[in-house]
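> Sharing a structure, written as structure tokens. Questions coming.
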Amino acid sequence: MAFLVVSRLLSRRFALAAPLTVAALAARAQEADIQFKRSSLVIVAHGRDIKFEVELATNDAERARGLMYRKQLGPYEGMLFDFYQEMPVSFWMKNTLIPLDMVFIAADGTVKHVHANAVPMSTDTVPSRFPVRAVLEINGGSAALLGIKPGDKVKHPIFGNA
């Protein structure tokens, strides 16, 4: 009888674990399948051009993945999330291993808000504060180091100014 109870408990445990394992494997496979397009953008801050090489997140799957699981990001690298129209957006740092600055950008390329040093792995939301067309994620602390602030301009084809 004890064997039967243990066997049933193990069967239930494995039955519950199997879908979780399959979901985790599917998520990993999905991550490997995403190939982000690359582009350059320029932020005009203090009258000087700061050039970044960015990956573009332009659909739901790419935006959902973002910079999750990355262990590093080059000093002038980032990811540009394009929402195609201005709207309020929120981000979180779940499964993101490195601190990031989030630069929230209006449709005309104007920086509206900078959230500095978002905490890795946090599920707290980071709101845009204003409707924005895009968000640029760069290494945490880079915006302050480079003097990027609200009112600066971002030049890139999605803003029609590059």
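> Whether any residue in the stretch 61-84 is more than 18 Å from Lys37 (Cβ to Cβ) and outside any loop (DSSP other than H, G, I, E, B) is what I want to check.
no
Conditions tested, residue by residue: (1) charged (D, E, K, R); (2) within 21 Å of Leu145 (Cα to Cα); (3) out of contact with any Ser or Thr (no Cβ under 6 Å at 6 or more places or on another chain).
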| position | (1), (2), (3) |
| --- | --- |
| Asn59 | no, no, yes |
| Met68 | no, no, no |
| Phe83 | no, no, yes |
| Asn95 | no, no, yes |
| Ile98 | no, yes, yes |
| Phe104 | no, yes, no |
| Asp108 | yes, no, yes |
| Lys112 | yes, yes, yes |
| Asp124 | yes, no, yes |
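> Please verify whether the stretch 95-102 includes one or more residues that are out of contact with any Gly (no Cβ under 6 Å at 6 or more places or on another chain), more than 24 Å from Val42 (Cα to Cα) and crowded, with 16+ Cβ neighbours inside 10 Å.
Among the residues of the stretch 95-102, at least one is out of contact with any Gly (no Cβ under 6 Å at 6 or more places or on another chain), more than 24 Å from Val42 (Cα to Cα) and crowded, with 16+ Cβ neighbours inside 10 Å, which makes the answer yes.
> While we're looking at this one, here's another question. Would you point out which residue out of Asp108, Asp82 is surrounded by 18 or more Cβ atoms within 10 Å (Cβ to Cβ) and at pLDDT 95 or above?
On the way: Asp108 fails: surrounded by 18 or more Cβ atoms within 10 Å (Cβ to Cβ).
Answer to the check: Asp82.
> Would you mind telling me which numbered condition in (1) among the aliphatic types (A, V, I, L, M); (2) in a strand (DSSP E or B); (3) at pLDDT below 95 Ile50 fails?
Exception for Ile50: condition (3).
> Could you tell me how many of the residues in the stretch 85-98 are farther than 21 Å from Asn161 by Cβ and not in a loop (DSSP other than H, G, I, E, B)?
Residues in the stretch 85-98 being farther than 21 Å from Asn161 by Cβ and not in a loop (DSSP other than H, G, I, E, B): 2 in total.
> Out of all the residues in the stretch 99-130, which are polar (S, T, N, Q) and under 19 Å from Ala162 (Cα atoms)?
Selection gives Thr110 alone.
> Part of a loop (DSSP other than H, G, I, E, B), within 12 Å of the chain's Cα centre (by Cα) and not acidic (Asp, Glu) - does that describe any residue in the stretch 112-120?
Scanning the stretch 112-120 turns up at least one residue that is part of a loop (DSSP other than H, G, I, E, B), within 12 Å of the chain's Cα centre (by Cα) and not acidic (Asp, Glu).
> Here is a follow-up. Hey, among the residues in the stretch 37-95 that are free of Cβ contacts under 8 Å to residues at least 60 places away in the same chain and among the β-branched types (Val, Ile, Thr), which one's farthest from Ala116 (Cα to Cα)?
Thr58
> If you check Ala116, Ala162, which single one turns out to be of a type in the set (A, V, I, L, M) and modelled with pLDDT under 95?
Numbers: Ala116 fails: modelled with pLDDT under 95.
Answer to the selection: Ala162.
> Right, here's the next one. Please verify whether the stretch 38-46 includes one or more residues that are within 16 Å of Val154 (Cα to Cα) and at pLDDT below 95.
Scanning the stretch 38-46 turns up at least one residue that is within 16 Å of Val154 (Cα to Cα) and at pLDDT below 95.
The values are calculated or read from the model by the stated rules, or taken from the named source; none is laboratory data. In this text, all values refer to a predicted model and were calculated from it rather than measured experimentally. Using ideal geometry, Cβ is built from the backbone for each residue, glycine included, and neighbour counts are taken over all protein chains shown.
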